[in-house]
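Here the structure comes first, spelled out in structure tokens, and everything after it is commentary.
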Protein chains: 2
Amino acid sequence: MCELLGMSSNTPADICFSFSGLMQRGGKTGPHKDGWGIAFYEGRGCRTFHDPFPSADSEIAKLVKNYPIKSRNVICHIRKANSGKVCLENTHPFVRELWGRNWCYAHNGQLRGIKKKLKLAHFEPVGTTDSEYAFCWLLDQIYSKYPKPPKQDGKIALLIKELCHSLSQFGVFNILMCDSKYLYAHCSTKLAWVTRKAPFGKAKLVDEDLSIDFCHRMSPDDVITVLATEPLTANETWQRAQKGDFLVFKDGLQLSIK
Amino acid sequence: MCELLGMSSNTPADICFSFSGLMQRGGKTGPHKDGWGIAFYEGRGCRTFHDPFPSADSEIAKLVKNYPIKSRNVICHIRKANSGKVCLENTHPFVRELWGRNWCYAHNGQLRGIKKKLKLAHFEPVGTTDSEYAFCWLLDQIYSKYPKPPKQDGKIALLIKELCHSLSQFGVFNILMCDSKYLYAHCSTKLAWVTRKAPFGKAKLVDEDLSIDFCHRMSPDDVITVLATEPLTANETWQRAQKGDFLVFKDGLQLSIK
């Protein structure tokens, strides 16, 4: 299956350390050799890098690993293709504009029969994956209920939660999604997260012989949550989401949804 | 003013040589220090790189310059900001999905009063530039006339031609736009192009001491058109578009529009 990586932070931060670990799984320590992609939000802007080649050998992955792009919301995906051929248009994360905001989404899992059962209206997939199809359906549903954004952000989160539950009836639906302000996550099978805040300690990657001492890199007020399909570090306490969990993060902190 | 660069080719080709010349204008030989961006089509997929920093010093520009991404349609833009602050969301080219196709667009010029006079429906700008606003309006008009793509591609080209003429009433509207199959260009003031085909010769950049002998790099059947605000090479015959010209390229060749 594919691997997801996400970050929510209260201050622009780089994701080089976590990305470094994840990229090893793209053809080296993991079987996810069918491309990878990453999206960095910077304000309302969203910068993406996509590569249909294995991340472990990718020139673009080397750039992202060594060039500390600072962002408050990041979504990354490495792919083990199971629906749709290996090509650029099938490489996550997918991005669409709704309400003048960049929406970005990456999916891990398979959704059987979704193309026959769910109809699309305004948003159409460019590629052939069930993942992008589900993303277009999600945005269609949001747009059809709210042609303009509702005043209370909580209404959007509640709607997305319901839509994720509907989509998970079709199969495995582990996702990360961001509208430039909130990072949404849904867990069908696997998703873990760790929130780093003061006092900061050391962390050691599972997939590479690399450690980092966050106390030298973070300010006392920094709060960062990293989400991943499987924990990326060996010596931190990751929380594991349960089947059906829908999570929302903003500024590095988990919010409660009512 | 900003600088545009585009490519249409009948076979996947890299744009490293032309890009190398253009990037010098981003803060070195030119005043376009307010960011740059490039979009490469690969099949239906579209890979973009955006950087709000000057291209002459950009780490990402170095990657693009040295890493030969092969593409049949490319749009590149370096920015001299005159509307909207310097930030990622105001960095061209802009991308939107319509009819399951990636549409990409970059603009050089200023459009006065457009936000007051033209109303938007489905597509909304993420940033604050008049350029992105005009792109959203263009797509709105196409989508409202053709909710599904017309069977004859020529109808789309004719509609875009009309829309470009309408937009050029607001000011300078030099653009490059691509729907993954056709490269469209409109000229208000400056736009030049050169078509390279066999027999291939040498070309020397205007902005950098760099030459290339295309006969060692191209196959006899290759046809490539490069478009730019100002000619990029010193020893080739570039054609200059006239005010109001609307051009369409496919597979490296200019098509006639009726």
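Return the pairs, sorted by first residue and then second, in which the second residue is open to solvent by 20 Å² or more (accessible area, probe 1.4 Å) and polar (S, T, N, Q), the first residue lies in segment A:85-111 and is under 30 Å from residue A:148 (Cβ atoms), the beta carbons are less than 7 Å apart, and the residues are 6+ apart or on different chains.
Qualifying pairs under 7 Å: A:95/A:102; A:101/A:180; A:102/A:180.
Within segment B:231-250, which residues are among the charged types (D, E, K, R) and surrounded by 13 or more Cβ atoms within 10 Å (Cβ to Cβ)?
Passing the criteria: B:236, B:245, B:250.
Can you pull out the residues in segment B:75-94 that are closer than 16 Å to residue B:176 by Cα and either within 14 Å of chain A (Cβ to nearest Cβ) or open to solvent by 10 Å² or more (accessible area, probe 1.4 Å) (or both)?
Once the filter is applied, which keeps residues that are closer than 16 Å to residue B:176 by Cα and either within 14 Å of chain A (Cβ to nearest Cβ) or open to solvent by 10 Å² or more (accessible area, probe 1.4 Å) (or both), segment B:75-94 yields B:79, B:91, B:92, B:93, B:94.
When only residues in segment A:95-104 that are touching a Cys at 6+ places or on another chain (Cβ under 8 Å) and open to solvent by less than 10 Å² (accessible area, probe 1.4 Å) count, which is farthest from the other protein chains (Cβ to nearest Cβ)?
A:104
Anything in segment B:42-60 that is in contact with an Asp or Glu (Cβ under 7 Å, 6 or more places away or on another chain) and among the hydrophobic types (A, V, I, L, M, F, W, C)? List them, or say none.
Scanning segment B:42-60 gives a single hit, B:60.
Among the residues of segment B:206-221, which ones are under 15 Å from residue B:18 (Cβ atoms), open to solvent by less than 80 Å² (accessible area, probe 1.4 Å) and assigned to a loop (DSSP other than H, G, I, E, B)?
Once the filter is applied, which keeps residues that are under 15 Å from residue B:18 (Cβ atoms), open to solvent by less than 80 Å² (accessible area, probe 1.4 Å) and assigned to a loop (DSSP other than H, G, I, E, B), segment B:206-221 yields B:207, B:208, B:210, B:218.
Could you look through segment B:94-125, keep only residues that are among the aromatic types (Phe, Trp, Tyr) and in contact with a Phe, Trp or Tyr (Cβ under 7 Å, 6 or more places away or on another chain), and pick out the one that is nearest to residue B:73 (Cα to Cα)?
Across segment B:94-125, the extreme among qualifying residues is B:105.
Return the total of residues in segment B:179-198 being touching a residue at least 60 places away in the same chain (Cβ under 8 Å), more than 23 Å from residue B:219 (Cβ to Cβ) and not in a loop (DSSP other than H, G, I, E, B).
3
Could you identify the single residue in B:192, B:198, B:203 that is more than 19 Å from residue B:2 (Cα to Cα) and surrounded by fewer than 19 Cβ atoms within 10 Å (Cβ to Cβ)?
B:198
Could you tell me whether segment B:36-52 includes any residue that is in a loop (DSSP other than H, G, I, E, B), of a type outside the set (Lys, Arg), modelled with pLDDT of 95 or more and in contact with a Lys or Arg (Cβ under 7 Å, 6 or more places away or on another chain)?
no
Kindly check whether there is at least one residue in segment B:60-70 that is under 26 Å from residue B:223 (Cβ atoms), in a helix (DSSP H, G or I) and open to solvent by 50 Å² or more (accessible area, probe 1.4 Å).
yes
Can you name the residue in segment B:112-125 that is of a type in the set (A, V, I, L, M, F, W, C) and open to solvent by 10 Å² or more (accessible area, probe 1.4 Å) and, of all such residues, is nearest to the other protein chains (Cβ to nearest Cβ)?
Top of the filtered list is B:123.
Looking only at segment A:136-155, count every residue that is surrounded by 15 or more Cβ atoms within 10 Å (Cβ to Cβ) and within 11 Å of another protein chain (Cβ to nearest Cβ) and tell me the total.
Within segment A:136-155, residues that are surrounded by 15 or more Cβ atoms within 10 Å (Cβ to Cβ) and within 11 Å of another protein chain (Cβ to nearest Cβ) number 4.
Tell me whether segment B:157-175 contains one or more residues that are modelled with pLDDT of 95 or more, open to solvent by less than 10 Å² (accessible area, probe 1.4 Å) and assigned to a strand (DSSP E or B).
Checked segment B:157-175: at least one residue is modelled with pLDDT of 95 or more, open to solvent by less than 10 Å² (accessible area, probe 1.4 Å) and assigned to a strand (DSSP E or B).
Contact list please: Cβ distance under 7 Å, first residue in segment B:114-127 and part of a loop (DSSP other than H, G, I, E, B), second residue of a type in the set (S, T, N, Q), pairs at least six apart or on different chains.
Listed pairs, sorted by first residue: B:121/B:144; B:126/A:102; B:127/B:90.
The values are calculated or read from the model by the stated rules, or taken from the named source; none is laboratory data. A quick note: this is a predicted structure, and the numbers were derived from the prediction, not measured. Please note: Cβ atoms are built from the backbone with ideal geometry, for glycine as well, and neighbour counts cover all protein chains shown. Remember, those area values only see protein heavy atoms, side chains included, never the ligands or the DNA or RNA. Shrake-Rupley method; radii C 1.70, N 1.55, O 1.52, S 1.80 Å.
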